[in-house]
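The values are calculated or read from the model by the stated rules, or taken from the named source; none is laboratory data. Remember, predicted model here, so these are calculated numbers, not experimental data. Here Cβ is always computed from backbone atoms with ideal geometry, including for glycine, and neighbour counts include all displayed protein chains. Accessible surface areas use protein heavy atoms only, side chains included; no ligands, DNA or RNA. Shrake-Rupley method; radii C 1.70, N 1.55, O 1.52, S 1.80 Å.
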Amino acid sequence: MPLPPKNPTAMPLSGAAALTTLGERELIERIKQHLPPPPDWVKLGVGDDAAVLEPERGMLDVVTTDVMIEGIHFERTFMTMEDIGYKALAINLSDLAAMGARPRAIVLSLALPAQDILVSEVDELLAGIISLAKEHEVALIGGNIACSPGPLFVDITALGSVKRRAVLSRSGAKPGDGLYVTGTVGSASAGFQWLTKSNQDNAPNQNESITPCVARFKRPDPRVKVGMLMGRNRVPNAAIDLSDGLGDAIHNLTGDGLFGAIIDATSIPIHPGARTWFEQQGLDPVNAAIQGGEDYELLLAISPTPRSRVTLARRFAEKVTLTHIGTVTNEPDLILRQSDGDAPLPTGFRHF
């Protein structure tokens with residue numbers, strides 16, 4: 001639901017009105033009414049030419065950005081505006097988690113198809129962003145608004161902080177490291193496939209097994225706390241989030257040919273609902289889960305010695321499962337080890 005105004009007299013315009021009835025200044029003022037008071041370290045926030053932040057003593061800044069484009073990353077026919085806002089922030093927080101960083105602030109850029117967007121829909125988009133921002137104590141400090149002649153664009157730049165010795169990166173994996181993945185994989189891909197088919201004739205029913213997959217695609221759960229604890233205690237040698245699929249993450253973590261890996265197909269934690277869906281579609285669940293993206297879990301390379309590292313990793317994962325799926329090797333080949341023999345590891349999603 002749209003957020004209620006803190007000061008009803010400040011936003012007399014009906015949410016059912018078309019966005020074209022508002023000017024840019026009026027829309028910015030409306031957005032400001034939704035935001036909680038900024039923390040003390042935000043010296044200038046929404047409304048100026050740029051935000052001014054007080055740096056965190058003894059910390060490094062971590063910056064990431066990600067854009068969601070209608071027709072590429074989502075469809076308004078099967079995602080609410082709240083879902084879109086929530087996910088736009090979640091995918092950025094996942095990047096910070098993979099770096100071991102604590103989220104701090106975001107800037108938001110919107111390209112809005114003004115003829116096709118209601119004022120209430122902008123309110124709903126903000127509600128999705130703000131709900132997740134509140135959960136992770138993230139301040140929205142500025143951004144930009146433009147009119148789009150085509151699809152809706154939601155672009156977020158996220159800023160985090162991390163101690164110098166706690167930074168995680170994609171590089172650093174070594175032969176002999178175990179590869180571990182948080183949570184389960186495949187669910188977001190299965191949810192997206194179901195949502196795509198739900199708009200077609202003879203659409204499949206949404207049953208109990210696919211429902212959590214649909215929810216996972218719409219509202220991923222970034223592993224912020226897990227990433228922060230792993231980095232703070234220097235547990236993994238390398239880390240990456242699963243935005244473009246497990247296969248893509250393994251390729252990146254092994255340096256795209258610098259090292260290799262052997263992945264045990266039977267160990268990959270495929271979500272049960274995703275496995276059922278893939279089998280119903282005549283797909284191999286292992287390959288589909290490896291290639292499917294948008295799970296936003298973490299893939300970690302952890303040294304087997306000392307053994308306390310793995311013990312710590314499992315403790316820091318807390319209620320999130322941590323599964324050993326393979327090992328980094330000296331040989332550059334990426335191998336999927338299956339009961340009927342070895343095969344090349346499938347790649348993940350490719351944007352181009």
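Any aspartates and glutamates with Cα under 15 Å of the LYS43 Cα? List them, leaving off those in the same chain fewer than 8 positions away.
Correct list for LYS43: GLU54, GLU56.
Using θ = phi - 60° and the Karplus form 6.51 cos²θ - 1.76 cosθ + 1.60, what ³J(HN,Hα) does each residue of segment 334-342 get, whole Hz, x for Gly and Pro?
Couplings: 9, 10, 9, 8, 10, 4, 9, x, 7 Hz.
Go ahead and collect, in residue order, the members of segment 267-298 whose backbone nitrogen is under 18 Å from a label point 7 Å along the Cα-Cβ direction of ALA343.
Taking a point 7 Å out along Cα→Cβ of ALA343, the residues of segment 267-298 whose backbone N falls under 18 Å are 267-271, 275-293.
Under a crude label model (7 Å from the Cα following the beta-carbon direction), how far is ALA114 from ARG164 in nanometres?
Distance between label points: 4.9 nm.
Please state the shape class of segment 104-253: rounded when a/c is under 1.5, otherwise prolate if a/b exceeds b/c and oblate if not, all from the C-alpha gyration tensor. Please list the in-between numbers first.
Working: a/c = 2.25, a/b = 1.28, b/c = 1.76.
The shape class here is oblate.
Below 29 Å, Cα to Cα, which lysines can LYS319 reach? Residues fewer than 8 away in the same chain don't count.
Partners within reach: LYS87, LYS134, LYS163, LYS174, LYS218, LYS225.
Taking the Cα of ARG76, stepping 7 Å toward and past its beta carbon, and measuring to each backbone N in segment 121-151: which are under 18 Å?
121-129, 145-151
Pull up all non-local amide H partners of LEU140: gap of 5 or more, or a different chain, and H-to-H distance under 5 Å with H placed in the peptide plane.
Under 5 Å from the amide H of LEU140: ILE106.
Could you give each residue of segment 281-289 its phi-based ³J(HN,Hα) in whole Hz, using Karplus coefficients 6.51, -1.76, 1.60 with θ = phi - 60°, and x for Gly or Pro?
Along segment 281-289, the couplings run 8, x, 9, 6, x, 5, 4, 5, 5 Hz.
State, as an integer percentage, the relative contact order of the chain based on alpha-carbon contacts under 8 Å between residues 6 or more apart. Could the numbers behind the result be given before it?
Numbers: 780 pairs, mean separation 72.6, N = 352.
Dividing the mean separation by the residue count of the chain yields 21 percent.
For ASP256 and SER171, calculate 0.36 nm times their separation in residues minus their Cα-Cα distance, and state this gained length in nm to one decimal.
Residue separation times 0.36 nm, minus the Cα-Cα distance, leaves 29.5 nm.
Hey, which aspartates and glutamates would be in cross-link range of LYS197, C-alpha to C-alpha under 20 Å, not counting anything within fewer than 8 residues on its own chain?
Partners within reach: GLU70, GLU75, ASP83, GLU208, GLU279, ASP284, GLU294, ASP295.
Amide H to amide H, which residues 5 or more places from LEU53 or on other chains are under 5 Å from it, using H placed in the peptide plane?
LYS43
Going from most exposed to least, what order do PHE278, PHE259 have by accessible area with a 1.4 Å probe? Before the final figure, lay out the partial values.
Values: PHE278 0, PHE259 45 Å².
Descending order: PHE259, PHE278.
Name the residues whose placed amide hydrogens come within less than 5 Å of the amide hydrogen of LEU60, ignoring near sequence neighbours (fewer than 5 apart) on the same chain.
Those lying under 5 Å, H to H, from LEU60 are VAL162, LYS163, ARG164.
For the chain, give me the percentage of DSSP beta bridges that are antiparallel, rounded to the nearest 5 percent. Kindly include the intermediate steps, with their values, before the conclusion.
On the way: 43 of 57 bridges.
So the antiparallel bridges amount to about 75 percent of the total.
In whole Hz, with x marking every Gly and Pro, tabulate ³J(HN,Hα) for segment 66-78 from phi via Karplus 6.51 cos²θ - 1.76 cosθ + 1.60, θ = phi - 60°.
3J(HN,Hα) across segment 66-78, in whole Hz: 8, 10, 10, 10, 4, x, 10, 9, 7, 10, 5, 6, 10.
How long is the gain from THR20 to THR65 if the chain were fully straight, where each residue apart is worth 0.36 nm and the alpha carbon distance is subtracted? Walk me through the numbers before you get to the answer.
Working: separation 45, 0.36 × 45 = 16.20 nm, distance 2.80 nm.
Here the segment from THR20 to THR65 would lengthen by 13.4 nm.
Set the Förster radius R0 to 51 Å, insert the Cβ-Cβ distance between LYS32 and GLN281 as r into 1/(1 + (r/R0)^6), and round the FRET efficiency to 0.05.
Details: r = 46 Å, r/R0 = 0.90.
My answer for the efficiency is 0.65.
I want to make sure I understand the PRE zone here: with the label point 7 angstrom from the Cα of GLU208 toward its beta carbon, which residues in segment 256-276 have backbone N atoms less than 13 Å away?
273
Distance from the Cα centre of segment 170-224 to that of segment 132-148, in angstrom?
Measuring centre to centre over Cα atoms gives 25 Å.
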